[in-house]
1. Every other copy gets compared here: list the nm distances from the B:GLU126 label point (7 Å along Cα to Cβ) to its counterparts, shortest first, one decimal.
2. Can you give the mean number of other chain Cβ atoms that lie within 10 Å of the Cβ atoms in peptide A:191-201?
3. With respect to the cross-link table entries A:LYS66/B:LYS186; B:LYS70/B:LYS198; B:LYS98/B:LYS167; A:LYS24/A:LYS60; A:LYS145/A:LYS198, which display a Cα-Cα separation exceeding 25 Å?
4. Taking every pair of alpha-carbon atoms in region A:46-90, give the share separated by more than 14 Å as a whole percent.
5. Per residue of B:34-46, how many C-beta atoms from partner chains lie within 10 Å of its own C-beta, taken as a mean?
6. Running Debye on region A:15-72 with equal point scatterers at the Cα sites and no solvent, what base-10 log of I(q)/I(0) appears at q = 0.23 Å⁻¹?
7. Per residue, how much accessible surface does region A:15-72 expose to a 1.4 Å probe? Answer in Å², no decimals.
8. Quick one: work out Rg over Rh on the C-alpha atoms of region A:110-188, Rh as Kirkwood radius.
Number of protein chains: 2
Amino acid sequence: MNVTEMKRPRGRPSVFDHEEALDKALLVFWTRGYEGASMAELTDALGINRPSIYAAFGNKEALFRKVMRKYLSGPVSYVSEAFQQPTAKQAVEMLLIKSAEFLGNPDHPKGCMLVQGALTCGQGAELIQQELAGFRKGYENALTKRLEFAQSHHDFPKEINPAEFAKYIATVHQGMSVQATSGATKEELLAVVSLVLKNWPR
Amino acid sequence: MNVTEMKRPRGRPSVFDHEEALDKALLVFWTRGYEGASMAELTDALGINRPSIYAAFGNKEALFRKVMRKYLSGPVSYVSEAFQQPTAKQAVEMLLIKSAEFLGNPDHPKGCMLVQGALTCGQGAELIQQELAGFRKGYENALTKRLEFAQSHHDFPKEINPAEFAKYIATVHQGMSVQATSGATKEELLAVVSLVLKNWPR
DNA sequence: CTATTTATTTACCGTTCGGTATTTAATACT
DNA sequence: AGTATTAAATACCGAACGGTAAATAAATAG
């Protein structure tokens, strides 16, 4: 049985593709941040009327969370991929190089939405702000685990505290995002990464 | 002639100190960002009525710029101070150590207002966003100049591109700001700085 | 052909936004 | 004492905000 000939649902069919709409919403949230993106601008970008957005995704907060999920599992999926590299150095290398290429890519908004989505915010968006900080902390913790694993396999110097080194790499990573948002190019970011990797601890 | 017995101005005297008011406004903009800070919240924090703010400082944008000037010449004046250290290494060392202590200081909002004031923004605040990016770029350029000077005095390896190294330091610096905003402590930031300084090029 | 279901469209809601006109109070000058 | 000057306080403005009720259109099920 072919999926393309599935029985169509009961009522009036949606005139827009939900996944495509989320992609369009991503571009707005990415450039504007959670609060900077107004429902009016989102409505324009999605090309559908406002009640349709609410019917399909819930309110602004719910829409943002759905967009976030797409963002994490899509554009930045290279992060968890990097952690699976055979050595710790290769893992960090891939993480930073792919990040430089991603953050400075002119084909989509510059910088990382996890950083610029809601670094600060007005009253009422603190929850989103905390959630984004939580995702960032999550990546940092995953990197710590990766380095602890490497350390236990003699792949990372035992003199270095994995949590501290992970925070150092995360700091560079987030700094690269700020740089990209302010206009840094892929090449400039790669030069930064090169300086970081040049001094890999041994 | 004593300044304390200066002739008082003509009309009804101001009931609030303008500089103190700017300090209070700074705390709001620092935590909320330019757009996240509402005039209502600013009014509450300053303890004066809204028309008084407009009469004293102009509109929200003008108020923010006056606050910015105080911020640059006050809390973060250590940056230009650091550049005057005798050697390049001492300059960067002081820059990063003082930054760690400043960004993680729990006595005022965490992070740097130059970074979190308007990393992203809605329509209408792009000018402020660009101005903040300009200030960040200004610091980076000043650091580049400092390293070029050091290079010409055999105080910095001639194999390293000063602009690239300055961007690396600026990237770490801005990353530290993001980390601080998300809750990183002074001690954690100092550990990051220690890792950066451990690999000073020679 | 009718009923049911679902989506789109239009028009609108109350709240908050940044900003101000107007009135009232406090001081100095004459 | 009266007037000019300056600031504070009250009350308000239009616009933009996120969000929704009600009506209409397009499909399936019987």
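1. Here the equivalent label points are 3.3 nm apart from this one.
2. Values: counts 6, 8, 2, 2, 11, 5, 0, 4, 6, 1, 3.
Per residue, the average neighbour count from other chains is 4.
3. Numbers: A:LYS66/B:LYS186 34 Å; B:LYS70/B:LYS198 34 Å; B:LYS98/B:LYS167 18 Å; A:LYS24/A:LYS60 14 Å; A:LYS145/A:LYS198 23 Å.
Violating the 25 Å Cα-Cα cut-off are A:LYS66/B:LYS186; B:LYS70/B:LYS198.
4. On the way: 621 of 990 pairs.
For region A:46-90, the fraction of Cα-Cα distances above 14 Å is 63 percent.
5. Details: counts 1, 6, 13, 3, 2, 0, 1, 2, 0, 0, 0, 0, 0.
Shielding by partners across B:34-46 averages 2.
6. -0.84
7. Details: 2780 Å² over 58 residues.
For region A:15-72, the per-residue accessible area is 48 Å².
8. Details: Rg = 15.2 Å, Rh = 14.0 Å.
Answer for region A:110-188: 1.08.
The values are calculated or read from the model by the stated rules, or taken from the named source; none is laboratory data. As the structure is a computational prediction, the values presented were derived from the model and not from experiment. Neighbour counts run over all protein chains shown; Cβ positions are idealised from the backbone, glycine included. Note: areas computed on protein heavy atoms with side chains; ligands, DNA, RNA excluded. Shrake-Rupley method; radii C 1.70, N 1.55, O 1.52, S 1.80 Å.
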